[in-house]
Each structure stands twice: as C-alpha cells, then as structure tokens.
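Heads up, the thing below is written out as structure tokens.
Throughout, read-outs are computed from the coordinates displayed, never taken from laboratory work. Quick caveat: nothing in here was measured; it's all calculated off a predicted structure. Glycine gets a Cβ as well: all are built from the backbone with ideal geometry, and neighbour counts include every protein chain shown.
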Amino acid sequence: MNKGIRAVGRIGGFILILGWCLPSVCIGGTEPIDIGKAIELGFNHNHELKIAAEETQRLQHRYKEVRAEVLPIFSASTGYARSWILPSTTFSVSSEDSTGSIEERTQTVEFGTPNNFNIGLSLEQPIYSGGRYRTARRLLDISSEFNKEKIRQTEQRVVLRIQETFLNALLAKQSLIVSQQALTQAQAHLEQVRLLFEGGVAADFDLLRAEVQVANLHPEVSEAKNRVPLALAVLKNAIGLPLAKDLEIQGDFDHFISDQVMDLQVAHELALAKRSELRQLAMQVRMQREQIQLTRAALKPKVSLTGNYEWQWQLPDASRLERDDFRDSWVMGIFARMPLFDGGKTSSQVKQVKVNLRQLDIRRAQLVEGIQLQIEQSLLRHREAGERIEASAKTVEQAEKGLHIAEVRYQHGVTTQIEVMDVQVALTRARLNRLKAQYDYALTGVLLQEAIGKVNYVDENP
C-alpha cells in the first residue's frame, strides 16, 4: 500500500513538472521578449508612428514655404513677336515750292518694326505685408508644437495598445499553465486511483470517474493552447510585426503591479496637465487667435520693391541682327496695395474664427468632465482588482492545502473520491480567479495611465 502511494507521488511530481514546462514549448522556440522589448519593437515598426513622422517632414517643408514669402522673387522672360501689319497713321504735310505756291500732300508713317525680340529680368522684394509673415511664422510654430503633441498622443496610443495586447497574451499563457496544472492533477489522481484499484482498495466506479475527469480536461487544455497563438497574433499586429514572425513573451503580471496609491485629486491634477487632448485643445485656441490676426492682416497695405531690366531688338529684317540694334532699359519702383472695401469678407472670416473659439471652450469643458469620470472609474476598478488579488492569494493557498489533505485522506480511505475532485475543481477555480484578478489589476493600471495622460515608456520609464 505504501509503495503504491510513493509511486503515485513520484508520477504526480513528474507530471506537475512537465505541466510547468509545456507552455514554453508550446509558445515558440524563439528568444522571448518582455514588455519593454515589445514596446521598443513597436517604436521601430508601428505604422501609426511612421505616418506621424511623415507629418513632421510636411511641416518642415511648410516652414520653407512661409519663409519664401519674404524672400525676393527673381524671374526671367523672353519672347519674339512678328508684326505682319504694322500700325500706321496718315497726316497732311504742306510745303512751298519754288514759285511760292503751297502744295498739300499726305504722308503715312508706320510705328514699330516687323520683328521684335526681348529678354527681361525682374525682381520683386516684399517690404511690408501687414504682419502676415510674422503671424504665419507664429502659427507654424504652434502647429509644430501641435504636431509634436499629436506624435506623443500616437506614441501613448501605441504603447497602451501594446501593453493591453501583451497582457492578453500573458493571460492566455498563464491560463494555459493553470489548465495544464489541472490536467496534471487529474492525471496524478487517475494513477493513484488505478493503483488503489489494482490493490483492491478503490472501486471500479472511482476509476471510471477519474478517467472521465481526465478526458473532460483535455479539450479545455486544447482550447487554452489555441488562445495563445491568437493572442500573440494580436500582439504582433499592435507592434507592427508580420504575423508570420515567431514571437514568444516572458514576464508576469507583477511587472505591471505598483504599490503606489494614487489619490483622486492628484489624478485629476495630473490629467489636466498631461492629457494630450487638453494640450491639443489649448494649442488649437492659440492657433485660432493667430488666425484672427492673419485674417485681419488682409486689410493692411502690402508694399513691395520692384525692378525690371529689359533688352529689346526691333528689326525690319530678322536675318540682319547687329549689335547696335540692342536697346536696354532699367526700371525700379515701390508699389503699395491696400484693399479699401472687400464686401465684409474679412469681418465674416474673423467672426467664424471666434465661433470656433467658443466651440473649443465648450469642447474643453465637456472633455474635462469625461476625463474626471474616466479617472474615477479607472481608480475604482483598479482598487477593486487589488482587493481581489489579496483575497485570491489566500484562497489559492487554502485550496492547495485542502487538496493535499483530501488526497491523503482518500489514500487512507477516510474520504470519498468526490471530495478530492471537488477540491481539485476549487483549486483550479481559485488559481484562475487569482490570475484574472492580477490581469484586471494590471489592465486597469494601464487604463489609469491613459486616463491621467501619463503613460509608461512615453512620459517616463517604469
């Protein structure tokens, strides 16, 4: 009898060790990555971040475009014109002949030449634009800040997505371990019952029930095993890796668990300072105010310095071009243009921008209320998950002790097989509940980062 018990213990221990080792084999043979490495890969491969980086390039070219508005404009022109019929005028000419009589005759004079060549160089240098350039430059500076904040928001969104999908993959991996532990325990119990049955201690019904228990757990393990590659595929998509690439994760939920307790008021203050949406709204308000100045500048005068140098050739016969036929001219001037009446167009544009400003104020108030609600919900769920972690840890410990006692009692014929199986189910449920509590606590911590606008790996290192 004692030999049978020791054999069952050895078999159970071997199967338990095998159960703990199986997940690493099932997930893949590549070098595992932790959450830090996953986020590093995301910064290098995520498509959203690549799109945001291209927007930075566009703004740099926009800076050059605005700067060009205050630089001189040089242009060159050339042309040839053939006049088939020259303009002419006819007038009367009076002359006195040798006899003293007056002779009247008409004379026709043509203007221009049949062949006309010209080459010109012109220059225009803006001198005063009513503040358009300075306002446009300030507007671009704010747009650059806005773009940087958009990139930060994109980085936060990518990191949050990677953390969430990493947690889902970690949950799938740990759930597989728990399922395999349950199967290992059931298989060890089956071997125990088989030895007792062969020794004439256990009934055949006990053996049948143990076999059914093992058979029922196999589909659960297979289902848990299939969830792992699916969760990894979602993680690879969030990182930006090809789905065909092998990926294995490492780590546990403790990495996401912090002992720091955040006060509700502190969380609200952090959100008002850190939330990207609020920062972007503030920048949009600044841009709209600069837009008002830019619109009003359209009513101010615009002064430019101009210069023009031109070479001309006017020839009766284009085949006989000589150096003395060249004529040049050089003209410089200052021109000013100021609109006196635009039909109320500028005034209407300014009023439209002011409407936009009022809308932004309303949106900010609405956003602040939503952020406060999001923070309160995240904090409550985070604390509730933390309480479940403490409770579930004690439950697992008690269930493990209960299973050990039930197995010993069953070996000595003191209790029934049903009690052992009930305790096994209770232990599996306790382990899954603890795992779910750890996952919920880690996930709500990530969501709390999103709520306050202070995301790990973007705004600070964990």
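Quick rundown of the values:
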{"quantity": "Test: residue 153 is in contact with a Leu (Cβ under 7 Å, 6 or more places away or on another chain) and either among the small types (Gly, Ala, Ser) or buried (at least 17 other Cβ atoms within 10 Å of the Cβ) (or both)", "calculated": "no"}
{"quantity": "Residue list for the range 423-462, filter: touching a residue at least 12 places away in the same chain (Cβ under 8 Å) and of a type in the set (Asp, Glu)", "calculated": "440, 450, 459"}
{"quantity": "Residue tally, condition within 30 Å of residue 203 (Cβ to Cβ) and hydroxyl-bearing (Ser, Thr, Tyr), over the range 381-414", "calculated": "1"}
{"quantity": "Selection within the range 29-39 - surrounded by 15 or more Cβ atoms within 10 Å (Cβ to Cβ) and part of a helix (DSSP H, G or I)", "calculated": "35, 37, 38, 39"}
{"quantity": "Residue count for the range 220-260, restricted to those that are part of a loop (DSSP other than H, G, I, E, B) and either on the phi > 0 side of the Ramachandran plot or touching a Leu at 6+ places or on another chain (Cβ under 6 Å) (or both)", "calculated": "3"}
{"quantity": "Close pairs from the range 77-91: first assigned to a strand (DSSP E or B), partner aromatic (Phe, Trp, Tyr), Cβ under 9 Å, at least 6 apart", "calculated": "78/117; 79/117; 80/117; 81/117; 88/111; 89/111"}
{"quantity": "Residue, farthest from residue 60 (Cα to Cα), within the range 116-150, restricted to residues that are of a type in the set (Gly, Ala, Ser) and assigned to a helix (DSSP H, G or I)", "calculated": "136"}
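Residues are listed down the side, and each one gets a yes or a no for (1) farther than 20 Å from residue 167 by Cβ; (2) more than 24 Å from the chain's Cα centre (by Cα):
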| position | (1), (2) |
| --- | --- |
| 190 | yes, yes |
| 203 | yes, yes |
| 206 | yes, yes |
| 212 | yes, yes |
| 217 | yes, yes |
| 233 | no, no |
| 250 | no, yes |
